[in-house]
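Undergrad: Here you go, one structure.
The values are calculated or read from the model by the stated rules, or taken from the named source; none is laboratory data. All values derive from a computational prediction rather than experimental measurement. Note: ideal-geometry Cβ built from the backbone for every residue, glycine included; neighbour counts use all protein chains shown.
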Amino acid sequence: MSPLKIKKGATSHSAYNLRPSFSDVEERHTLAVIVENEPGVLARVIGLFSGRGYNIESLTVAEVDHTGHRSRITIVTAGTPQIITQIIAQLGRIVSVYEVHDLTVEGPAVERELALFKVSGQGEKRVEALRLADIFRASVVDSTLESFVFEVTGAPEKIDAFADLMRPLGLDEIARTGVAALARGNA
């Protein structure tokens with residue numbers, strides 16, 4: 001009888017405990033990072049993610065304090081709780097970073113995104129695209145005889161749902177701004 005061999009990297013979990021442990025569950029988090037508005041800061045933040053193999057699902061950057069020369073970077077990423085904690089700690093060590101907030105755990109937050117959709121179609125598909133745009137409160141910002149460009153704002157899930165409905169109707173292109181987020185209330 002040969003001894004039991006375990007592949008390198010494999011774990012030896014019991015068959016009686018098949019649920020993933022808390023540390024194995026990946027979660028989506030929205031981080032707000034207040035930084036000094038100076039050349040190279042964004043490159044350092046992005047370098048932290050790429051150097052450690054972390055993925056950025058969404059990234060928005062804009063100056064929010066002209067007199068104080070501060071910008072806000074909003075990053076949507078995913079990882080286990082340990083990885084998210086590590087990302088926050090490493091972001092806080094960057095010299096030009098003033099504050100790091102995990103909006104996902106700090107309390108309720110409002111997330112919005114803007115997207116432009118170019119949809120080409122004729123006849124019934126064109127009429128259906130306009131009907132669905134009305135339901136989603138999308139604005140027509142450009143129109144030709146062959147296509148429309150719709151503007152949609154809302155939660156990322158709303159943007160995804162609109163895209164799913166427009167695909168069979170002739171969706172040609174999508175441009176998304178990325179998530180902008182703020183904590184609700186006095187926080």
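This table checks each residue for (1) outside the structural domain of G40 (by TED's automatic domain parsing); (2) under 21 Å from A155 (Cα atoms).
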site	(1), (2)
D65	no, no
T74	no, yes
I84	no, no
A89	no, no
K125	yes, no
D134	yes, yes
S143	yes, no
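Undergrad: Whether any residue in the stretch 38-45 is surrounded by 12 or more Cβ atoms within 10 Å (Cβ to Cβ) and within 28 Å of V25 (Cα to Cα) is what I want to check.
TA: Yes: one or more hits.
Undergrad: Still on this structure: Please go through the stretch 120-144 and give me each residue that is farther than 17 Å from A175 by Cα and outside any loop (DSSP other than H, G, I, E, B), ordered by number.
TA: Across the stretch 120-144, the qualifying residues are E124, K125, R126, V127, E128, A129, L130, R131, L132, D134, I135.
Undergrad: Same structure, new question: Pull up the stretch 159-173, narrow it to residues that are buried (at least 18 other Cβ atoms within 10 Å of the Cβ) and either free of Cβ contacts under 8 Å to residues at least 24 places away in the same chain or within 28 Å of I73 (Cα to Cα) (or both), then point me to the one that is farthest from the chain's Cα centre (by Cα).
TA: Looking at the filtered set, the residue picked out is F162.
Undergrad: Now for a different question. Tally up the residues in the stretch 167-176 that are under 20 Å from T60 (Cβ atoms) and either in contact with a helix residue (DSSP H, G or I) (Cβ under 9 Å, 6 or more places away or on another chain) or modelled with pLDDT under 95 (or both), please.
TA: 2
Undergrad: Among the candidates I83, I75, which residue alone is surrounded by 17 or more Cβ atoms within 10 Å (Cβ to Cβ), at pLDDT 95 or above and closer than 30 Å to A43 by Cα?
TA: I75
Undergrad: Among all residue pairs at least 6 apart or on different chains, which show Cβ distances below 8 Å where the first residue, located in the stretch 54-81, is in a loop (DSSP other than H, G, I, E, B) and the second is among the hydroxyl-bearing types (S, T, Y)?
TA: Y54/T77; N55/T77; T80/S23
Undergrad: State yes or no: is P156 crowded, with 19+ Cβ neighbours inside 10 Å and either within 16 Å of R112 (Cα to Cα) or modelled with pLDDT of 95 or more (or both)?
TA: When the stated conditions are applied, P156 passes them.
Undergrad: Among the numbered conditions (1) surrounded by fewer than 17 Cβ atoms within 10 Å (Cβ to Cβ); (2) outside the structural domain of F148 (by TED's automatic domain parsing); (3) not small (G, A, S), tell me where L114 comes up short.
TA: With respect to (1) surrounded by fewer than 17 Cβ atoms within 10 Å (Cβ to Cβ); (2) outside the structural domain of F148 (by TED's automatic domain parsing); (3) not small (G, A, S), L114 is out only on (2).
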